[in-house]
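None of the figures in this text is laboratory data; all of them are computed from the coordinates on show. Keep in mind the model is a prediction, meaning the values are calculated, not measured. Every residue, glycine among them, receives a Cβ derived from its backbone with ideal geometry; neighbour counts consider all protein chains shown.
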Amino acid sequence: MNRTREKYIALSAPSGAGKTTIARALVARHPEMVKSISATTRTRRPQEKEGVDYYFMSKSEFKAKIASGAFVEYEQVHGDYYGTLVAVIDRLHAAGKSVVFDIDVKGALSVKKKYPETILIFINAPSKDELITRLRNRKSENEATIAKRLARMEMELDHAKFFDHIVINDTLEHTIEQIEDLIC
């Protein structure tokens, strides 16, 4: 990837559209990119690692960081808090890295306010039915959590109009190539 300066790239999508997989693939293919690691109060999934997938913290720890102004953005999503720590972004920027955000739609818009040069990319599945199938097939959540994610889907889809680009994740490789074309 040719770059003339560090970039901020925010990927957002409804649950199940593939944004985390795409973010990981971009970082793996481009050594100048690094994925922003968010903080969350969500329970850690079995395969997740502290400081790699998220910074896991209690709600009281998270609220203390909100009060101290430690977040670029934060949201309460599906009953848990998610946020991007200013210190993490500052450290990555100082290291000359392009930062890839794997973030919800409201968080992405907040990042764009703080860093106007951020490229906002909304990722969607080819259809709502496909999105629902992908969400159920990943088998990482119970039915109550899936229902919460599906209830949020309409709001997320409505926010796509505020993004710089919308990319349909039909096949993973094609989607990654489209995003690479957009950010190069």
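Take every pair of alpha-carbon atoms less than 8 Å apart whose residues are at least six positions apart; their mean separation over the length of region 73-184 yields a relative contact order of 27 percent. Could you check which residue among Ala67, Ala160, Ala87 shows the biggest mean-square fluctuation in a GNM of the chain with a 10 Å Cα cutoff? Its mean-square fluctuation being the largest, the pick is Ala67. Largest GNM mean-square fluctuation across Ile123, Ile103, Ile166, computed for the chain with C-alpha springs under 10 Å, falls on Ile166.
Against the compact-protein benchmark of 2.2 N^0.38 Å, the Cα-based radius of gyration of region 1-82 scales to 1.22. Sites count as exposed loop sites when they are GluC sites (Glu not before Pro), lie in a DSSP loop, and have at most 15 other Cβ atoms within 10 angstrom; the longest stretch of the chain without one is 49-116.
Return the loop-located trypsin sites (Lys or Arg not before Pro) in region 1-55 (DSSP other than H, G, I, E, B) with at most 10 other Cβ atoms within 10 Å of their own Cβ; answer none if there are none.
Sparse-neighbourhood loop trypsin sites (Lys or Arg not before Pro): Arg5, Lys49.
Helices that extend 24 Å or more along their long axis by alpha-carbon positions and average at least 0.5 on the Kyte-Doolittle scale are absent among the DSSP H runs of the chain.
Each of Ile9, Ile183 was scored by other Cβ atoms within 10 Å of its Cβ. Arranged with the fewest first, they read Ile183, Ile9. Once you've got the GNM for the chain with C-alpha springs shorter than 10 Å, pick whichever of Tyr115, Tyr54, Tyr82 has the biggest mean-square fluctuation. The residue with the greatest mean-square fluctuation here is Tyr115.
The amide H of Phe71, built 1.01 Å from its N in the peptide plane, has Val86 as neighbours under 5 Å, considering only residues 5 or more places off or on other chains. The eigenvalues of the Cα gyration tensor, multiplied by 5 and square-rooted, give region 8-183 an equivalent ellipsoid with semi-axes of 23, 21, 15 Å from largest to smallest. Altogether, the Stokes-Einstein calculation at 37 °C and 0.692 mPa s, with the Kirkwood radius of region 2-41 over Cα pairs as Rh, returns a diffusion coefficient of 283 µm²/s. Please compute the Cα-Cα pair-distance distribution of region 106-147 with 10 Å bins starting at 0, giving whole percents from short to long. Once binned at 10 Å, the Cα pair distances of region 106-147 give 24, 30, 31, 15.
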